[in-house]
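First comes the structure, then the notes that go with it.
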Amino acid sequence: MIISGTTLAKELKQDVARRVVEAKEKYGREPHLVVILVGEDPASQSYVKGKGRDAEEVGFKSTTIRRPETITEEELLTIISDLNADDTVDGILVQLPLPRHIDEDKVIEAIAKEKDVDGFHPGNVAALWQKLPCTHPCTPEGIIKLLDKAGIQIEGKKAVVIGRSNIVGLPAAKLLLDRNATVTIAHSRTKDLPKVASEAEILVVAIGRPKFVTADMVGEGAAVIDVGVNRDPETGKLCGDVDFEAVKDKASVITPVPGGVGPMTRACLMENTLECFLRKMEK
Ligand code: GUN
């Protein structure tokens, strides 16, 4: 079974759109999401376009601030500080990666925790690991929602996450753990990775290498969630971290690339933005 992230994301966005109408009636304005894009990386441009499109689709006010790659760290921090102080802005997202001369950690920390719709602020990260209320990062949250939607029970399952990034691997493992899966975090240097991966009942792959996961790395009947967005070096087409054609008959469910986790990430971003807005307005 192929799990369509596109279909589920559409349902989630419809629900957000419905809640936006209510919120607008109650509070007199719609939520406002500001996305900052530095430079001209084609992948980042495409992600930011998608975020703006989804924001408009759910009825948000959407602003994209574009700055050249030559922007200084100080200039970027000033933009963020102004947005933090602006009461009409509810969510702030700085598209990553940033140019090398800008300290990404410093930028993420500069965003007000209450407007951090990515869930990347150290205050949100700490709260996640302390099991306190917080904004969940969008991709890990999207993965959990996909599994739930596909009817995959998480509790008691052996889950393997390949990848340990702050954005995806680590928080995805934490969310699976909080749902009572037994979680292994694997990576490119894991000894005998095919054996470790093939024991997974839920396999989440976020390693950023095209077709890294081959059929021998997947156990019969596993649920396979592919977070990768890569270019196939042979065809130049978009492809995941999983060799879809080789794995699809072994997996019980599998997410496609494109059309799997990607749309879910953006749908969860819309939910996070609405929730930041509501928390502010309900205060
Ligand atoms: N770059 C790749 N994924 C993401 C994401 O989820 N948020 C931001 N801000 N940048 C990214």
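All of the numbers you see were taken from the coordinates with simple rules; none came from a lab. This one's a predicted model, so the numbers in the text were calculated from it and none came from an experiment. Neighbour counts run over all protein chains shown; Cβ positions are idealised from the backbone, glycine included.
A few points about this structure:
- Nearby aspartates and glutamates by direct alpha-carbon distance to K149 (threshold 16 angstrom, same-chain neighbours under 8 apart not counted): E11, D15, E141, D226
- Computed [θ] at 222 nm, helices only, for the chain once each DSSP H run of length n ≥ 4 contributes -39500 (n - 2.57): -13500 deg cm²/dmol
- Checking Cβ-Cβ separations below 4.7 Å across the chain identifies C134, C239, C276 as cysteines lacking any candidate disulfide partner.
- In straight-distance terms, cross-link reach from K283 covers every one of the aspartates and glutamates whose alpha-carbon lies under 16 Å from its own, apart from those fewer than eight places away in the same chain; here that gives D87, D90, E114, E275.
- Which of A85, S46, I143, positive extreme of dipole for the chain (C-beta unit charges): I143
- GluC sites (Glu not before Pro) within segment 162-240: DSSP coil, no more than 16 neighbouring Cβ in 10 Å: E199, E220, E234
- Global geometry of segment 29-73, whether rounded, prolate or oblate, following the gyration tensor of its Cα atoms and the 1.5 cut on a/c: oblate
- Chymotrypsin sites (Phe, Trp or Tyr not before Pro) within segment 1-88: DSSP coil, no more than 12 neighbouring Cβ in 10 Å: none
- Cα gyration tensor shape for segment 135-178, rounded if a/c is under 1.5, else prolate or oblate: oblate
- Loop sites in segment 181-261: trypsin sites (Lys or Arg not before Pro), DSSP, at most 14 other Cβ within 10 Å: R189, K191, K237
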